[in-house]
Amino acid sequence: MTMCGCRAARLVTRPTEPGFSLGVRINVRTRTVATALAVLFSSTVMAVGTAGPAAADSAGALPISSYGDIAVDGVHKRVYISDPAGNKVVVTDYTGRVVATVPDLSGVRDLAISPDSGFVYAALPDADAVVAIETAGSTAAARYGTGENTDPQTLAVAGGRVWFAYGQESSRNLGSFDPAQGTPEIALDQLPGNAWTVAPELESAGNTLVLGFHGTWSELAVYDVSTGAPVLRKEGAQTDARSDMADFALSADGAQIVTTSGTSSYEATAIDAGDLTRTGGYPIDAYGPDSAAIAPDGTVALAADSPYDKDVFVFKPGATEPFRTYTYGASASGGDIIAAQGLSWAPDGSRLFAIARGQGKTYLRVLDDAARYPVTATVSAPARATRGKQLSATGRLTSDKPFPADAKVTVVRTDLDTPKGKSLGTSTVAANGAFTFTDAPPAGGDVTYTAQYAGDATHVPVSAEATVAVSRATPSLTLNHNGALYSYGTDVSFTAHLGTTYKNRTVEIWADPFGTDKPKKLVKRGTVNSKGNLSATVDMTRDTTVTAVFAGDARYAPKTAKSVAYAKVKVSTSVAKQYRTAKIGSTSYAYFHKKTNPVFTTTMTYYKGRAQQVSLEIYYRGKWYDGGSDYFALGAGGKSVVTLGGTHDTGYRMRMRSSYVNASSGDTVNSTTHGAWKYFIFTK
């Protein structure tokens, strides 16, 4: 409708920051009357377990610049690696972690350990000596001079004596000494008439000493040294031993020899140590095996110089196919290379150690349980079950070697009541590897069944598990004050009520104020009282989501309850530049001369980007009519100064108010709040 006598009014905002102004023209003649302002799983779970020891295989970088030999101390669980260029022996534990270094060992090369693991003997060709390293402390305990220009190269311990190949080119021979003597006599030229061009590799077992000559001229010689002097049992030339021999290994009983050729074959040769005849071969799918080691049980390990293929191959005695293989870092650019003569078993056969080179570093790779067959395990159980009701589960162990007739798995149940697990006893493994077990789970939630096979003489340990979702009752949890509206800053007590549960009576109350600048916060965590109640006070400065959380227990499921409560803003407005204040009826009015522009200063709860809404209304013929509205930014202190400019008609009652309008005022963190009306009138 047209409002006679009213001209356009102009609002000018003046925030607290100086130098900023905004003019807005509002035509009250064309505004319409404002009537209102507003705000399950699959049926079965199967888990697969892998052999635990495979996951335990480890590697450690070695601080060496060259590699000479490796020896393993089974008593103290230490590995000794010689570094000829570095004149030292590095000592690691069974994980490959360096634990000690034995320095000042000039040109140290070959290593040999005494049968009782008390000493590691090291050949020092540059010092014409053999050093005894005491394994208890990894220190050089004794030095045995072997004579000027003897250059001891390789050594072994057999028949209670330390044997060493010594000498210079074309005049090498065999020497020995008895370390049990206080000042042992060094016996040289133990094989008169021999003058080797190269020092042979020496391997021993008990009273058996085997000499092996590498290269094109390959020969093996087996000696009995039980009397302190070498007595030849058998020697064989290239036609009997493998040609181009790169390495050989002697079994713990001294009965078998395995030789490798680094240049001429895809297999290692098995040889009878008694007559040096070929008894078989160990073929591999990599060219030129150049490392061999035999475990106490006869398991054979081979390694090849194969950066693009498999690196280590493990065979059971007499087998023609490996039952384990290992590959390290194979890629288009190549991977690790196992060093020649770089394999050694732990004396109990529990681990195989390999010296590997790759990416400019040398590693000690530790292969746990390499002598035992790998095993996989599976457990299949229902995806869901009812608490207290019997369920059945099945499992299977799989390996290339049959399991013993008395093989059993131990079943452990882990649930909310027994988080560390509870044994349910054992289950017998059938000939095909299958096993079954039953249980009536007393606790609900995720219940995990783990089947553990401890392993045996020929199989590694393994475990597998399956998790069953077991039903739990739904508890009652409520929270009051949902939808309530509060004045700014009101302290409101929210009360959570928890119904019947099993053991857990703890509830958390969280408050999450609207807006991204304030995080969700734990207000209170505690045990409900005898009535099942827990209360916490929240300062309502914003709209807030309050959440009560029950974490659940073994028989009752987790539960949450939410209440969204709302908070107004603080808002106040003052009027300035009036010449007097007087009442019309019961309402106070500010009186302005028509040439004076009223100034309205609003203070409102600040929030980044927030604006106040200024609304005008005009009283006409007994009713208030909409005179227009607009938004004005709040200054950093929450203040906004608005001047009503323009030509002012006299005689009309007017009113204004400042409001925060959810969303329209620039944010949604508070509920719509209207300030008090400020009444004014223009006179002549």
**OP:** Being aliphatic (A, V, I, L, M) and outside any loop (DSSP other than H, G, I, E, B) is the filter here, so list the residues in region 488-530 that pass it.
**Re:** Val492, Ala496, Leu498, Val507, Ile509, Ala511, Leu522, Val523
Subject >> Conditions (1) part of a loop (DSSP other than H, G, I, E, B); (2) touching a strand residue (DSSP E or B) at 6+ places or on another chain (Cβ under 6 Å); (3) closer than 19 Å to Ile113 by Cβ: number failed by Ser204 >> reply: (1)
Original post:
Just checking, which of Asp275, Asp311 is among the acidic types (Asp, Glu) and within 40 Å of the chain's Cα centre (by Cα)?
Top reply: Asp311
Original post:
For region 589-601, does any single residue satisfy the condition of being in the same structural domain as Arg655 (by TED's automatic domain parsing), among the hydrophobic types (A, V, I, L, M, F, W, C) and within 18 Å of Leu634 (Cβ to Cβ)?
Top reply: yes
Original post:
Does Gly107 satisfy the condition of being in a loop (DSSP other than H, G, I, E, B) and at pLDDT below 95?
Top reply: no
**OP:** Could you list all residues from region 497-511 that are of a type in the set (Phe, Trp, Tyr) and surrounded by fewer than 18 Cβ atoms within 10 Å (Cβ to Cβ)?
**Re:** Tyr502
**OP:** For residues that are crowded, with 20+ Cβ neighbours inside 10 Å and part of a strand (DSSP E or B), tally how many sit in region 397-413.
**Re:** 4
Subject >> Residue ID - farthest from Lys570 (Cα to Cα), chosen from residues in region 633-647 that are surrounded by fewer than 23 Cβ atoms within 10 Å (Cβ to Cβ) and touching a strand residue (DSSP E or B) at 6+ places or on another chain (Cβ under 6 Å) >> reply: Gly646
Original post:
Of everything in region 531-552 that's assigned to a strand (DSSP E or B) and not aliphatic (A, V, I, L, M), which residue is farthest from Ala663 (Cα to Cα)?
Top reply: Asn533
Subject >> Entirely in region 257-357, the strands (runs of 3 or more DSSP E) that have 1 or more residues that are charged (D, E, K, R) >> reply: 267-272, 278-283, 289-294, 324-326
Subject >> Flag for Tyr80 being under 30 Å from Thr458 (Cβ atoms), in contact with an Asp or Glu (Cβ under 9 Å, 6 or more places away or on another chain) and part of a strand (DSSP E or B) >> reply: yes
Subject >> Counted residues, region 438-449 - those being buried (at least 22 other Cβ atoms within 10 Å of the Cβ) and farther than 18 Å from Ala557 by Cβ >> reply: 1
Original post:
Restricting the search to region 132-168, which residues are farther than 18 Å from Glu201 by Cβ, crowded, with 17+ Cβ neighbours inside 10 Å, out of contact with any Gly (no Cβ under 8 Å at 6 or more places or on another chain) and modelled with pLDDT of 95 or more?
Top reply: Ala132, Ile133, Tyr144
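The values are calculated or read from the model by the stated rules, or taken from the named source; none is laboratory data. Owing to the predicted nature of the structure, the values given are computational and were not obtained by experimental measurement. Cβ atoms come from the backbone with ideal geometry, glycine included; neighbour counts cover every protein chain shown.
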